[in-house]
Amino acid sequence: MPQTLKLAASQSRTLDTTAETLRSLEDTTRTAASQGIDLILFPEAFLGGYPRTCTFGAAVGARDPFGREQFLQYFHSAVDLGDTPTGSGDDWIERRLPVAKGTSHRGDGTREELEQIARETKVFIVTGLVEKSGGTLYCAVVYVCPQNGVLGKRRKVMPTGSERLIWGQGQPSSLRAVTTTIRGVKLTLAAAICWENYMPLLRHSLYSQNVNVYLAPTADARDTWLPLMRTIGAEGRAFVLSANQCVTRQHLPAWVRGDTPEKSDHRTQEINSPAAGQDSNVVQDTALNGSTVADDESRPSRRRASVVTQTPERHEICWPAADSAGKPGQEPVSTAAKSSNGAESDFVSRGGSCIVSPLGEVLAGPLWEVEDGGLLTVEVDFEDCERGRLDLDVAGSYSRNDAFKLTVEGLELDPPP
């Protein structure tokens, strides 16, 4: 008898506030429920937001006040699920952690809202989010069952590039797969977030747990992403769901665009304008240590006006602007100033969400440049995973596990019960 379920990948984008994004998640899940969807995946960092285009005012050896204000806004947009910085595992899942007096739950209520949405729609929800715990942000994924609530949560173990400034490293023990049964079909599911999918040993840790639903929420909209998903489907003999955001510059969250009210305190003023009574030829040398230095002919300003141009190949070149005397301008400029990074209607992420079969065949997508309402759906037979094991089981008959060994700190690699 076929073991069929309907799966969906939602190409949704983060809205201006976390409350609005939660409502969007609910609306999309209800739409999916009306189409008979059993499980839905949302993109990486969907709740809280992927901070695309943000610099957080950072350079090697320097951070500026505007960047700290930008991080503050990002921290406020993140969700608090009530977990500890080191990750409490089953104690958090089973709600065994202490609760503050006068409250019924830990965190900000986001966990409870997600559980309610799953319960009311009867759809299993997997969503990417930015989790705050203590003073650190983590890129995470949470698994929400309609019957039993949250079954598990994992944090990204290896943030990519500039993400390492703003996200902490998650616990490898959280790579544990979760199991559930939907309409008589047993599922073993686990997530690898974005470029974690380029980590062969991490992928193998999921294959070893015999996953049949491999979830890949991402922020990668490159053409190379789909071949990777096809490889994972064929390699793991699992159904692969990948969801990415599609967003134009004008629809980035307000705090990314800089539309939130700016705080006019002394920290912002010290880099935007000379202090009261200070000579206009004195600027703030925040690039080194925040000390004040004189701007004279022997020491050109580190903050001078510039002009950004774009080549036909879309490479940006920053040129020093000339003053009326033809010399490079020496006016200090705000680090919050916006450069010419492209038209507001330009895509900063084109999407590319997709669903792939256990033989590496593309079942749906990739979905490009669909900013709103993008919902990929497929009906699949999970016995296809077992059919694929005829000739390939990379964690079993095709593994030579007598010779090759993998261990992951704190993680049980045997398939979960």
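The values are calculated or read from the model by the stated rules, or taken from the named source; none is laboratory data. Worth saying up front: this structure is predicted, and the values here are computed from it rather than measured. So basically every Cβ, Gly included, is an ideal-geometry build from the backbone, and we count neighbours across all protein chains shown. Heads up: the accessible areas ignore ligands, DNA and RNA and are worked out on the full protein's heavy atoms, side chains in. Shrake-Rupley method; radii C 1.70, N 1.55, O 1.52, S 1.80 Å.
The residues in the stretch 53-111 that are more than 20 Å from LEU15 (Cβ to Cβ), surrounded by 19 or more Cβ atoms within 10 Å (Cβ to Cβ) and of a type in the set (S, T, N, Q) can be counted, and the count is 0. Residues in the stretch 89-120 that are among the acidic types (Asp, Glu) and farther than 22 Å from LEU175 by Cα: ASP108, GLU112, GLU113, GLU120. Flag: TRP225 does not match the condition of being closer than 15 Å to GLU44 by Cβ, at pLDDT 95 or above and open to solvent by 50 Å² or more (accessible area, probe 1.4 Å). Among the residues of the stretch 1-43, just one is under 22 Å from ARG350 (Cα atoms), β-branched (Val, Ile, Thr) and part of a strand (DSSP E or B), namely ILE40. Within this structure, ASP27 fails the test of being over 30 Å from CYS385 (Cα atoms) and in contact with a Pro (Cβ under 6 Å, 6 or more places away or on another chain).
Kindly indicate which of ALA45, ALA19 is touching a strand residue (DSSP E or B) at 6+ places or on another chain (Cβ under 6 Å) and either open to solvent by 10 Å² or more (accessible area, probe 1.4 Å) or closer than 24 Å to GLU371 by Cβ (or both). None of the others qualify; the one that does is ALA45. Of the strands (runs of 3 or more DSSP E) entirely within the stretch 338-417, those holding at least 1 residues that are under 26 Å from THR224 (Cβ atoms), charged (D, E, K, R) and out of contact with any Ser or Thr (no Cβ under 7 Å at 6 or more places or on another chain) occupy 347-356. A single member of ASP91, ASP38 is among the acidic types (Asp, Glu) and closer than 25 Å to VAL157 by Cβ, and it is ASP91.
Exactly one condition in (1) charged (D, E, K, R); (2) within 25 Å of GLU344 (Cα to Cα); (3) without any contact (Cβ under 8 Å) to a residue 40 or more places away in the chain is false for ARG63; which is it? Only one criterion in (1) charged (D, E, K, R); (2) within 25 Å of GLU344 (Cα to Cα); (3) without any contact (Cβ under 8 Å) to a residue 40 or more places away in the chain is unmet by ARG63, namely (2).
Selection within the stretch 345-397: residues that are among the acidic types (Asp, Glu) and within 17 Å of LEU5 (Cβ to Cβ). The member of this set that is least open to solvent (accessible area, probe 1.4 Å) is ASP381.
The residue that is nearest to the chain's Cα centre (by Cα), counting only those in the stretch 107-127 that are of a type in the set (A, V, I, L, M) and closer than 18 Å to GLY36 by Cα, is VAL126. Scanning the stretch 173-214 for residues that are of a type outside the set (Gly, Ala, Ser), under 25 Å from ASN401 (Cα atoms) and open to solvent by less than 40 Å² (accessible area, probe 1.4 Å) yields a total of 16. With the structure loaded, tell me whether ARG400 is closer than 30 Å to LEU15 by Cβ and open to solvent by 40 Å² or more (accessible area, probe 1.4 Å) or whether it fails that test. Taking the combined requirement at face value, the residue does not satisfy it. Looking only at the stretch 22-42, residues that are charged (D, E, K, R) and either crowded, with 24+ Cβ neighbours inside 10 Å or over 20 Å from the mean Cα position of the chain (by Cα) (or both) come to 3 in all.
Taking the numbered list (1) open to solvent by 20 Å² or more (accessible area, probe 1.4 Å); (2) more than 20 Å from the chain's Cα centre (by Cα) in turn, GLY161 passes all entries but (2). When ARG257, ARG176, ARG164 are checked against the criterion of being among the basic types (Lys, Arg) and in contact (Cβ under 8 Å) with a residue 60 or more places away in the chain, ARG176 stands alone in meeting it.
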